[in-house]
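Heads up: the structure comes next, in structure tokens.
The values are calculated or read from the model by the stated rules, or taken from the named source; none is laboratory data. Owing to the predicted nature of the structure, the values given are computational and were not obtained by experimental measurement. Reconstructed Cβ throughout: ideal geometry from the backbone, glycine too, with neighbour counts over all protein chains shown. Just the protein is used for accessible areas: all its heavy atoms, side chains included, with ligands, DNA and RNA removed. Shrake-Rupley method; radii C 1.70, N 1.55, O 1.52, S 1.80 Å.
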Amino acid sequence: MSTEQTPVVETPPPPAAAPPAGHEPRFWSPRRAPAALVAVCVLVTAGAFLYDIAAVRAHHPAMRWRRALARRLAEQPLDDTWVLVGAGIVAALGLWLLILAATPGLRSLLPMRRTRPDVRAGLRRDAAALLLRDRAMEISGVRRVRVRLRRSRAHVLAVSHFRELDEVRGDLEAALTDAIRAMGLSRPPVLTLHVIRPGRRG
């Protein structure tokens, strides 16, 4: 007597749902050069002071540069021009480092909407501007196009040498709006469109 076994079919788990469309944060820049520069400066300065302090604790005389620095700082008036200039430079460097630490950077990379939760994509700003320019040049009557793409706004200046300007503007607005939508950006830029005749400066 034989018994037939029913094959077991494993059902794969359903894919994770993509996060809802929203404003994706900008990509963070690694900023290797400023981080390496700060790390080297801190390492050298701290190492020199720690070595001198350890030498003093071991009953050795302090290094000449630290004695000269302490004497100079004790004798130098605080309202001296060079002291104020040095303090201003140090404050500017500190402010610059704070700005770098608090801002993501990579302004040339526009974040795109996520279609999968584990994949994040971006579009270069110059590539997006070139795409808008190519789409605008396909419109009949357009002779020249200049595109300036910011993070939240796309400025387009088109020169039309024939056809009515209102017709060209309508076709351009429809084509560029569709192109911006097709980019799939997380924060689509607002279109600012100007159409002029040759010879006029915008």
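Quick look at the values:
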| read-out | value |
| --- | --- |
| Odd one out for R153 among (1) open to solvent by 60 Å² or more (accessible area, probe 1.4 Å); (2) at pLDDT 95 or above | (2) |
| Residue in the range 77-93 that is modelled with pLDDT under 85, more than 42 Å from the chain's Cα centre (by Cα) and more than 30 Å from V119 (Cα to Cα) present | yes |
| Sole residue being crowded, with 17+ Cβ neighbours inside 10 Å and either assigned to a helix (DSSP H, G or I) or without any contact (Cβ under 8 Å) to a residue 60 or more places away in the chain (or both), chosen from R135, R114 | R135 |
| For L176: the one exception among (1) open to solvent by 40 Å² or more (accessible area, probe 1.4 Å); (2) at pLDDT 95 or above | (1) |
| Close pairs (9 angstrom Cβ cut-off, 6 or more residues apart or separate chains): at pLDDT 75 or above in the range 22-35, open to solvent by 80 Å² or more (accessible area, probe 1.4 Å) and part of a helix (DSSP H, G or I) anywhere | P34/W96 |
| Boolean, D166 is among the acidic types (D, E), in a helix (DSSP H, G or I) and farther than 30 Å from A36 by Cβ | yes |
| Condition broken by A54, with the remaining ones in (1) at pLDDT 85 or above; (2) open to solvent by less than 100 Å² (accessible area, probe 1.4 Å); (3) closer than 25 Å to V90 by Cα satisfied | (3) |
| Residue pairs meeting the criteria (Cβ under 7 Å; at least 6 apart or on separate chains; first free of Cβ contacts under 8 Å to residues at least 40 places away in the same chain, in the range 91-108; second among the hydrophobic types (A, V, I, L, M, F, W, C) and open to solvent by 90 Å² or more (accessible area, probe 1.4 Å)) | none |
| The range 61-105, subset over 30 Å from R32 (Cα atoms) and in contact with a helix residue (DSSP H, G or I) (Cβ under 9 Å, 6 or more places away or on another chain), residue least open to solvent (accessible area, probe 1.4 Å) | A62 |
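This table checks each residue for (1) more than 20 Å from the chain's Cα centre (by Cα); (2) within 14 Å of P188 (Cα to Cα).
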| position | (1), (2) |
| --- | --- |
| A102 | no, no |
| R113 | no, yes |
| R125 | no, yes |
| G141 | yes, no |
| L149 | no, yes |
| V159 | yes, no |
| F162 | yes, no |
| D166 | yes, no |
| E173 | yes, no |
